[in-house]
1. What is the number of the single condition among (1) surrounded by 24 or more Cβ atoms within 10 Å (Cβ to Cβ); (2) at pLDDT 80 or above that Ala75 does not meet?
2. What pairs come out if I take residues in segment 350-373 that are under 12 Å from Phe180 (Cα atoms) and free of Cβ contacts under 8 Å to residues at least 12 places away in the same chain and pair them with residues that are assigned to a helix (DSSP H, G or I) and not acidic (Asp, Glu) whose C-beta lies under 8 Å away, six or more apart or interchain?
3. Quick check: is even one residue across segment 196-216 at pLDDT below 90, among the small types (Gly, Ala, Ser) and within 23 Å of Arg260 (Cβ to Cβ)?
4. Grab the helices (runs of 4 or more DSSP H) fully contained in segment 94-203, keeping just those with 3 or more residues being surrounded by fewer than 23 Cβ atoms within 10 Å (Cβ to Cβ).
5. Return the pair list, or none, for Cβ contacts closer than 6 Å from residues in segment 117-137 that are closer than 16 Å to Ser277 by Cα to residues that are part of a helix (DSSP H, G or I), at least 6 apart or on different chains.
Amino acid sequence: MIGAWEVIQCILMGTGLGVITGLTPGIHVNTLIPFFYMVNPSFETCIIIVSLMITHTFLDFIPSTLLGVPDEATALTVLPTHRMLLEGRAMEAIKLTAVGSLGSVLFSFLIFYPVYMVMPHVYSFLNPRMAYFLIMISAVLILTEKGIRRIYSLFVYLISGILGYIVLNSHILREDQKFFPVFTGLFGLSVLFFSLKDKSRFPVQPLDFRLLIPEKEILKAIIKGSLAGMFVAFFPGIGNAQATILVQIAKIKKRIYDNRSFIIACSGVNTSNALFSLLALYTIGKPRSGAIVAIQRITEIDRNALMILLAAILISSGLAVLLNLYLGKLGVYFIQKLPYRKLCFCTFLSLILLVFLFTHFTGLIVLFTSLSIGILPHILGVKKSHCMGVLLLPIILYHLR
């Protein structure tokens, strides 16, 4: 049996790797998975992977907040966090993600056993009907607009969906790289494009202040994000991005703290999903991410293994929230020393270069196609979330087949 000291060493190693993947645009947890197969994989490797996965969910909001660099998990939060950055509250946005991630870990542990008892039965009922559920989500998403904007939003949804269908069902890009140029164009470059066009200025960023959201709303956002993340973990075709849409359309009325509530819930989705993915593997034998697939291939998850991995999640979450606040403050301090427009321009060019390095000329074609679609919501005056048709439509078609 693995000893406590070995567990701590693995957690520290996984946390360190999570810092690298969380803060580096273009590098995902799945990017490192092949390396684990090359180094004599064992149960210790599984602890490293779990700690890496959890730490990544705490830190990947920092580049999306400060630079507008999204991945699937943070795509829809780019606008709210970018808006807070332009209000001089970037550090508050980062704190909100820390609150959401840590809160979702604690709440997920609280409901872990009831979910363990109930979710396999829910899964067996809902899974065959997944296409109709996703159609309902898409319809509600479009109907949140009013008047002619419903037509515009449907157009954005469909054209994004066609792009996603082409990318997913072709071999123009490697499996682990398909959505890097897509999300960078739809949600990253499009936001930076309008920041450059509007000549936005980088305001002074205080490094410490209270959160402008009531405690009751924080708790509600944590619960909402945790439950959405749990849903993602159990059902195929539902990813973090779709769960984020569920969180967004669940808002009943517009309030001054809605953006903050949304950021908390979205960060909670990512972390809760990582935790419940383990439970999904244990209860129904279905891995829902590259990291969980790797764990399944390396070892069999019995009750003792599950308990150790859950302990690793809890410890790495404590480390990750401290790293989130420290590195976030460091990033905010240094980034405001730079001229904002030049920073946006350099980030814009850097993202194009990164896409080229990872995906070559084919990726650039996908990137600029995605950018042209990503600017449509700004021009037509509809929500950016309609671009999530890039995932929803292909998955609906897959389930209907």
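1. In the conditions (1) surrounded by 24 or more Cβ atoms within 10 Å (Cβ to Cβ); (2) at pLDDT 80 or above, Ala75 misses (2) alone.
2. Listed pairs, sorted by first residue: Phe356/Gly363; Phe356/Leu364.
3. Among the residues of segment 196-216, at least one is at pLDDT below 90, among the small types (Gly, Ala, Ser) and within 23 Å of Arg260 (Cβ to Cβ), which makes the answer yes.
4. Details: elements: 112-126, 130-143, 149-168, 179-183, 190-197.
In segment 94-203, 112-126, 130-143, 149-168, 190-197 are the helices (runs of 4 or more DSSP H) which contain 3 or more residues that are surrounded by fewer than 23 Cβ atoms within 10 Å (Cβ to Cβ).
5. Met119/Phe234; Pro120/Thr283; Pro120/Ile284; Tyr123/Phe234; Tyr123/Ile284
The rows are residues; the columns are (1) modelled with pLDDT of 85 or more; (2) polar (S, T, N, Q); (3) within 20 Å of Ile159 (Cβ to Cβ); (4) in a helix (DSSP H, G or I).
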| site | (1), (2), (3), (4) |
| --- | --- |
| Glu300 | yes, no, no, no |
| Tyr333 | yes, no, no, yes |
| Ser350 | yes, yes, no, yes |
| Ile373 | yes, no, yes, yes |
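The values are calculated or read from the model by the stated rules, or taken from the named source; none is laboratory data. Just so it is clear, the model here is predicted, and its values are computed rather than measured. A quick note on method: Cβ atoms are made from the backbone with ideal geometry, for glycine too, and the neighbour counts reach across all protein chains shown.
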